[in-house]
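All of the numbers you see were taken from the coordinates with simple rules; none came from a lab. Bear in mind the structure is a predicted one, so any value in this text is a computation, not a measurement. Note that each Cβ is placed from the backbone with ideal geometry, even for glycine, and that neighbours are counted across all protein chains shown.
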Amino acid sequence: MANEFDPELPSNHLIFEVRRDPALYTGFADRMEEVMESYSLSEAERAAWREVDVVALGNLGVHPYFLPQVTRLIHGSAENDSKSMAAQAYKKAFGDQIVAHKKK
């Protein structure tokens, strides 16, 4: 994955603003195509969003902090734990690159 993010990448603006706007956040997954169009995402960005491909989004320049937010926008964040659909999608993307916290 790229080490640097692109602050001008439309996906970064989309994630930042959707997370802060309840009107955009509610039902985002159902309106994703419309929202991507309104933010003028490139075709590569759109394809990565459709596939929930956080590795590709990282390589395109999405800020590392925003990558888990992508899975939450698609799968929801109601069960914000390691077994949630969002967490499992993130784990599937990054696999053994994720460092698990061990209980002492």
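The gain in end-to-end length when the Glu4 to Val55 segment is fully stretched comes to 17.0 nm, 0.36 nm per residue minus the alpha carbon separation.
Ordering Arg20, Arg50, Arg72 by the number of other Cβ atoms within 10 Å of each residue's own Cβ, fewest first, gives Arg20, Arg50, Arg72.
At a 10 Å Cβ-Cβ cut-off, how would you order Asp30, Asp53, Asp6, fewest neighbours first? Going from sparsest to densest Cβ surroundings: Asp30, Asp6, Asp53.
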